[in-house]
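The values are calculated or read from the model by the stated rules, or taken from the named source; none is laboratory data. If you're wondering where the values come from, they're calculated on a predicted model, not measured in any experiment. Here the Cβ is made from the backbone with ideal geometry for all residues, glycine too, and neighbour counts use every protein chain on show.
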Amino acid sequence: MVMETSTSNAPARPSGHTTATKHTHQHGILSFTSITIIIISVISILALLLVLLLVVMFRRLKSPKRNSNCKDISIINNTNSSSRFIAHTTINFTSSPDVKGGCLYGSNVVNRTSTSKHRGVQVFTYKELDIATDSFSEANLIGHGRFGVVYKGVLTDGTVAAIKKRHREGKQGERAFRIEVDLLSRLHSPYLVELLGYCADQHHRILIFQYMPNGALQHHLYNSNKQYPPLDWGTRLRIALDCARALEFLHEHATPSVIHRDLKCSNILLEHNYRAKVSDFGLAKMGSDKINGQISTSVVGTTGYLAPEYASTGKLTTKSDVYSYGVVLLQLLTGRVPIDTKRPSGEHVLVSWALPRLTNRDKVVEMVDPTLQGQYSKKDLVQIAAIAAMCVQPEADYRPLMTDVVQSLIPVVKNLFSAVSSSGSSRFQQHMSSSRY
Ligand SMILES: Nc1ncnc2c1ncn2[C@@H]1O[C@H](COP(=O)(O)OP(=O)(O)OP(=O)(O)O)[C@@H](O)[C@H]1O
Ligand SMILES: [Mg+2]
């Protein structure tokens, strides 16, 4: 039995052995195949990733370089006007140009864009400006302001410029100087006075502006020494539209938006053809400083032009500029100054005197500047008075946006121009014929 068992079991051993050997061999083959597949897959994935990486790198190299520090890269083309906001510098509003070796160098500020018609802001030495103004001579003096003295000068390339030498005013003055350089290096509009350059040589802080041959609107409206002829109705409305466009540009097209904070007749300057441009950005504020839609700040500006909510609480919005604009519009309409204590009581403050009259069709005629008699149609007068009334509303929310003001003024100015061109000729007609709306 044992033998039998043994004999009968004998062939089973090699068979069992054979099975065991086969199994071991098959397992080895499978492992090798799996490993090979895994290795090939990993290599394929890596190769694919490498190709993708190369494609991405190639595309990046081909695309134009972007500067991550530049907040406002976009170029906004205004379809209604030729105002443009060109961020062709990389100035960050939180930083200002560096002072190096006694001169304020905005290395980015002086960059020029070949595609821009603006020459860019140049850095001048004090010596260059001393030569340009004949040592800041009395003969070249144009005017005095709160913050400095303005001279006429001729730059080395022959450009006539207005050179504003700021008073030394400590930290506040330094801040205003930097704001003006930073802002005007970025903002370009036909409705803003162009900054040509600046000088920060040692303690000097000087701004060089495009020269505006007809000076400030202030001097034309309150022309006591009869230096200028009185402004006609059409010219006044055209000036009103130019200023409205300047503010529309600052509020709606600049990014971040800008609040001028000191719009008034002495900061509205006139070209030889009486086209108006807004100047003086030393007090301006950026919309990016907003908290809950408004900026809390100390109250600066000029008495008579300050919106009531801003004057009483320091809360500043673009609607504060709209109020100041309304005061300018009232000045154009009435020929009065914002505050005049020499007038009878009840007429000292222009806005308080004008508001109840502006919406009264009979009374509105009585408030027009006497030098304008007969130049306007009552329909236009009523419309302009209504715009002024909206702008000087005591409640900021009731004041219009500057875009609305622009849109309301365009048809009035347009119709006036058509009427003037089909009748006689005037200064207004002459400059309207060379201008766009
Ligand atoms: N770019 C310019 N072109 C021609 N004249 C200018 C120019 N800038 C300023 N002026 C003249 O210089 C005068 C003084 O200007 P400035 O801005 O210093 O003071 P202001 O606007 O009159 O008053 P404030 O300092 O209170 O704002 C202006 O009234 C204007 O007549
Ligand atoms: Mg000024």
Of residues in the stretch 305-320 being of a type outside the set (S, T, N, Q) and at pLDDT 90 or above, the one nearest to residue 268 (Cα to Cα): 305
Neighbours by Cβ (under 8 Å, 6+ apart or cross-chain): first from the stretch 302-327, farther than 24 Å from residue 409 by Cα; second among the small types (Gly, Ala, Ser) and in a loop (DSSP other than H, G, I, E, B): 310/301; 314/298
Flagged in the stretch 265-276 as surrounded by fewer than 22 Cβ atoms within 10 Å (Cβ to Cβ) and within 12 Å of ligand 2 (Cβ to nearest atom), in numbering order, are 266
Going by what's in this entry, would residue 175 be described as closer than 26 Å to residue 298 by Cβ, within 16 Å of ligand 2 (Cβ to nearest atom) and at pLDDT below 95? no
Evaluate the stretch 239-262: report whether one residue or more is under 19 Å from residue 407 (Cα atoms) and among the β-branched types (Val, Ile, Thr). yes
Hey, any hits in the stretch 263-281 for a residue that's at pLDDT below 90, closer than 22 Å to residue 183 by Cα and not in a loop (DSSP other than H, G, I, E, B)? no
Could you check the stretch 194-206 and list, in sequence order, the residues that are at pLDDT 95 or above and either among the acidic types (Asp, Glu) or within 9 Å of ligand 1 (Cβ to nearest atom) (or both)? 194
Looking at the stretch 322-437, what helices (runs of 4 or more DSSP H) fall wholly within it and have at least 3 residues that are at pLDDT 90 or above and closer than 21 Å to residue 248 by Cβ? 378-391, 402-422
What's the number of the condition residue 302 fails, among (1) modelled with pLDDT under 95; (2) more than 22 Å from the chain's Cα centre (by Cα); (3) closer than 23 Å to residue 191 by Cβ? (2)
Which condition number in (1) within 16 Å of ligand 2 (Cβ to nearest atom); (2) surrounded by fewer than 22 Cβ atoms within 10 Å (Cβ to Cβ); (3) basic (Lys, Arg); (4) more than 25 Å from residue 239 (Cα to Cα) is the one that residue 205 fails? (2)
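Considering only residues of the stretch 210-241 that are among the small types (Gly, Ala, Ser) and within 16 Å of ligand 2 (Cβ to nearest atom), which is surrounded by the fewest Cβ atoms within 10 Å (Cβ to Cβ)?
Top of the filtered list is 215.
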Considering only residues that are part of a helix (DSSP H, G or I), of a type outside the set (D, E, K, R) and closer than 18 Å to residue 251 by Cα, which ones fall in the stretch 298-321? 310, 318, 320
Could you check how many residues of the stretch 134-168 are within 13 Å of ligand 1 (Cβ to nearest atom) and in contact (Cβ under 8 Å) with a residue 12 or more places away in the chain? 20
Scan of the stretch 150-191 for residues that are in contact with a His (Cβ under 8 Å, 6 or more places away or on another chain) and among the hydrophobic types (A, V, I, L, M, F, W, C), ordered by number: 150
For the stretch 117-211, give me every one of the strands (runs of 3 or more DSSP E) that falls completely inside it and has 1 or more residues that are within 23 Å of residue 260 (Cβ to Cβ) and among the polar types (S, T, N, Q). 206-210
